[in-house]
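Note sheet for the following structure.
The values are calculated or read from the model by the stated rules, or taken from the named source; none is laboratory data. All of these numbers come straight from a predicted model, not from anything done at the bench. Backbone-built Cβ (ideal geometry, glycine too); neighbour counts: all protein chains shown. For the accessible areas, the whole protein counts, side chains as well, though only heavy atoms, and no ligand, DNA or RNA atoms are used. Shrake-Rupley method; radii C 1.70, N 1.55, O 1.52, S 1.80 Å.
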Amino acid sequence: MTDKVVIITGGSRGIGRATALAAAARGYRVVVGYASNKKAADEVVAQIAASNGKAIAVKCDVAEEGDILDLFKAADKFGTLGALVNNGGIVGTSGVRVDEMSAERIRRVMAVNVTGSILCAREAVKRMSTKHGGQGGVIVNLSSVAARLGAPNTYVDYAASKGAIDSFTVGLGHEVAAEGIRVAGIRPGLIDTEIHAAGGEPDRAHRLAHMVPMKRVGTADEIANAIVWLMSDEASYVTSTILDVSGGR
Ligand code: NAP
């Protein structure tokens, strides 16, 4: 058990929500970031409070540096930062080839998935690194199996953004390994969340389930369990690596 603070970007729904609940159950004080869905974030906070946990909801579009600074300021008031989960992420419309993609779409995917994660990690390292007087900590980055598969004819821009997250995880992990900070990535496979609806294809995960060696989609809880394990001392020698949680996909 820990009473440190964890910041979870995109903690209002899906994998982020499941991670917020799992982290609270392990004693973390949870900062639930959300982009626009305040009601969903407030519900996560209420659910944690109902189990005697501690949580706050903070609006943070990770494409906005000012929002990120506000998120970390709110977390500073809440306690000592022990973990960051770079979870907030988006896909563009599914089924768009690269030769059809707008610059605006590509910029937005990169701004949220890549720049946002790097800026959040920057703020976390400033607080956690023993070099800066911190007590160490853990950063978990949400990648995707798309980083390995490339997502052709689906959303190559998204896959490329997650490829960047993999490189970032390895590089940052090495940079801060001797400063008390572990950095790890998770590559979820096809997980049953609302992200597929956001891409215009609500039942995408179920449609492709037959391609998963386990022949089923994964749940947000199955990803959250891996994330909180990486955050725990049980993973004390794990850094600069990326874990596939994908039913074999
Ligand atoms: P989801 O159900 O669509 O939830 C997305 C979450 O991210 C929401 O909390 C949303 O906040 C937040 N968000 C959206 N745009 C944001 C922004 N600009 N700044 C900050 N937060 C933002 O997604 P999910 O499936 O749980 O995905 C979570 C992570 O796992 C993502 O990084 C995704 O790429 C990755 N992943 C998912 C799958 C999958 O199959 N589901 C597979 C591989 C990887 P609001 O509620 O306020 O909108």
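Within the option set 178, 164, being part of a helix (DSSP H, G or I), away from the ligand (no atom under 11 Å from the Cβ), among the hydrophobic types (A, V, I, L, M, F, W, C) and exposed (fewer than 14 other Cβ atoms within 10 Å of the Cβ) holds for one residue only, 178.
Would you say residue 218 is within 14 Å of the ligand (Cβ to nearest atom), open to solvent by less than 30 Å² (accessible area, probe 1.4 Å) and farther than 25 Å from residue 100 by Cβ? Judged against the criteria, residue 218 is a match.
Taken over segment 213-249, the residue count meeting the criterion of being in a loop (DSSP other than H, G, I, E, B) and β-branched (Val, Ile, Thr) is 4. If you check 138, 145, 125 for being surrounded by 15 or more Cβ atoms within 10 Å (Cβ to Cβ), within 13 Å of the ligand (Cβ to nearest atom) and in contact (Cβ under 8 Å) with a residue 40 or more places away in the chain, only one passes: 145. Any residue at all in segment 82-93 that's in contact with a Phe, Trp or Tyr (Cβ under 7 Å, 6 or more places away or on another chain), hydrophobic (A, V, I, L, M, F, W, C) and either within 10 Å of the ligand (Cβ to nearest atom) or open to solvent by 30 Å² or more (accessible area, probe 1.4 Å) (or both)? Yes, some residue in segment 82-93 is in contact with a Phe, Trp or Tyr (Cβ under 7 Å, 6 or more places away or on another chain), hydrophobic (A, V, I, L, M, F, W, C) and either within 10 Å of the ligand (Cβ to nearest atom) or open to solvent by 30 Å² or more (accessible area, probe 1.4 Å) (or both).
Of the residues that make up segment 13-24, is at least one at positive phi, at pLDDT 95 or above and within 15 Å of the ligand (Cβ to nearest atom)? There is at least one residue in segment 13-24 that is at positive phi, at pLDDT 95 or above and within 15 Å of the ligand (Cβ to nearest atom).
Just to verify a result, which residue in segment 1-12, among those that are away from the ligand (no atom under 13 Å from the Cβ) and assigned to a loop (DSSP other than H, G, I, E, B), is modelled with the highest pLDDT?
4
In the condition set (1) within 12 Å of the ligand (Cβ to nearest atom); (2) of a type outside the set (D, E, K, R); (3) within 14 Å of residue 161 (Cα to Cα); (4) assigned to a helix (DSSP H, G or I), residue 106 is compliant with all but (1). From the residues in segment 26-63 that are assigned to a loop (DSSP other than H, G, I, E, B) and more than 8 Å from the ligand (Cβ to nearest atom), which one is surrounded by the fewest Cβ atoms within 10 Å (Cβ to Cβ)? Restricting to residues being assigned to a loop (DSSP other than H, G, I, E, B) and more than 8 Å from the ligand (Cβ to nearest atom), the top hit is 52.
A single member of 39, 77, 54 is basic (Lys, Arg), under 28 Å from residue 180 (Cβ atoms) and out of contact with any strand residue (DSSP E or B) (no Cβ under 7 Å at 6 or more places or on another chain), and it is 77. The residue of segment 193-203 that is least open to solvent (accessible area, probe 1.4 Å), among those that are assigned to a loop (DSSP other than H, G, I, E, B) and more than 7 Å from the ligand (Cβ to nearest atom), is 199.
Return yes when residue 96 is within 16 Å of the ligand (Cβ to nearest atom) and either surrounded by 15 or more Cβ atoms within 10 Å (Cβ to Cβ) or not in a strand (DSSP E or B) (or both) and no when it is not. So residue 96 does not fit the description; no.
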